[in-house]
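The values are calculated or read from the model by the stated rules, or taken from the named source; none is laboratory data. Because the structure is a prediction, the values reported are computed rather than measured. Note: ideal-geometry Cβ built from the backbone for every residue, glycine included; neighbour counts use all protein chains shown. These accessible areas exclude ligands, DNA and RNA; they are computed on the full protein's heavy atoms, side chains included. Shrake-Rupley method; radii C 1.70, N 1.55, O 1.52, S 1.80 Å.
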Amino acid sequence: MTTVDLSPITKYFPGLSSEQVRQLGLLPSLYEEWNAKINVISRKDIDNIVTNHILHSLAIAKFISFRDESKIFDIGTGGGFPGIPLAILFPQCRFTLIDSIGKKIRVVTAVAEAIGLKNVTCVHGRAESIKDDKCDFVVSRAAMQTSDLVDIARKLVDTRKQRNSMPNGVIALKGGDLQAELHPFRNLVSVEDLSGIFQEEFFETKKIVYLPL
């Protein structure tokens, strides 16, 4: 496999282990290979996967450091973002990656197996159908409107057990003007501009949204 420049990641996450670097370094070629068969990442973005997908996913780790044994559900994971990069960064946490499109979950499952992720469960189906499992946080990357995401998360997030430094809830990566979308949650929501964390041009309009439940 070709050597991958991970400097856009390592400059913000200098403490990565050799295993984490290995796993992150395998992702671009794996996604390029799968994308040729099943389009899970836009063609124009595949060349910028390190910044536009992997580093973007890891932005959540700049907002919260999940404590060991935390359970995180990635709803509408698509090709595995933000779930797979976060699972690499937090190997002692448990991640469930959920998508209703079977071919996308096929890719996510194959990628997780190829890099040796042991803390990921891939689910083909709608998050609303999950009945017997609870999580600490729901994460999402531009998968749906915030109101829809919150409706689903309210049924999945365990608000009784608090493992982390902030209340359990929803953490979403979004872009653009969110004023109207977030208006119903204006008294609860926290919004942080990723341009204040990352220097790359891609992040100029990107935001992280947090809603405690």
### Message
Need the failing condition index for SER129 against (1) free of Cβ contacts under 8 Å to residues at least 12 places away in the same chain; (2) open to solvent by less than 60 Å² (accessible area, probe 1.4 Å); (3) not charged (D, E, K, R), just the number.
### Response
(2)
### Task
Note down all Cβ pairs under 7 Å where the first residue falls in the stretch 165-185 and is within 20 Å of PHE203 (Cα to Cα), the second is open to solvent by less than 30 Å² (accessible area, probe 1.4 Å) and not aliphatic (A, V, I, L, M), and they're at least six residues apart or on different chains.
ILE171/PHE137; ILE171/TYR210; ALA172/SER140; ALA172/THR146; LEU173/HIS56; LEU173/PRO82; GLU181/THR146; LEU182/THR146
### Query
Are there any helices (runs of 4 or more DSSP H) wholly within the stretch 1-117 with 2 or more residues that are modelled with pLDDT under 95 and on the phi > 0 side of the Ramachandran plot, and if so which?
none
### Message
Looking only at the stretch 139-151, filter to residues that are modelled with pLDDT of 95 or more and aliphatic (A, V, I, L, M); which one of those is nearest to the chain's Cα centre (by Cα)?
### Response
VAL139
### Query
Can you tell me how many residues in the stretch 82-104 are in contact with a Leu (Cβ under 9 Å, 6 or more places away or on another chain) and open to solvent by 10 Å² or more (accessible area, probe 1.4 Å)?
2
## Note on the structure
Apart from one, (1) in contact with a strand residue (DSSP E or B) (Cβ under 7 Å, 6 or more places away or on another chain); (2) under 26 Å from ASP136 (Cα atoms) all hold for THR205; the odd one out is (2)
### Message
Whether any residue in the stretch 125-138 is of a type in the set (Gly, Ala, Ser), modelled with pLDDT of 95 or more and out of contact with any Cys (no Cβ under 9 Å at 6 or more places or on another chain) is what I want to check.
### Response
no
#### Entry: Evaluation of SER147 against (1) among the small types (Gly, Ala, Ser); (2) part of a helix (DSSP H, G or I); (3) touching a residue at least 60 places away in the same chain (Cβ under 8 Å) (one fails), failing number
(3)
#### Entry: Filter pass, ILE46 being among the hydrophobic types (A, V, I, L, M, F, W, C), closer than 20 Å to PHE203 by Cβ and out of contact with any Asp or Glu (no Cβ under 8 Å at 6 or more places or on another chain)
no
#### Entry: Condition met for THR121 (surrounded by fewer than 22 Cβ atoms within 10 Å (Cβ to Cβ), in a strand (DSSP E or B) and over 12 Å from the mean Cα position of the chain (by Cα))
yes
### Message
Can you say whether ALA114 is open to solvent by 20 Å² or more (accessible area, probe 1.4 Å) and more than 18 Å from ALA142 (Cα to Cα), as far as the supplied structure shows?
### Response
yes
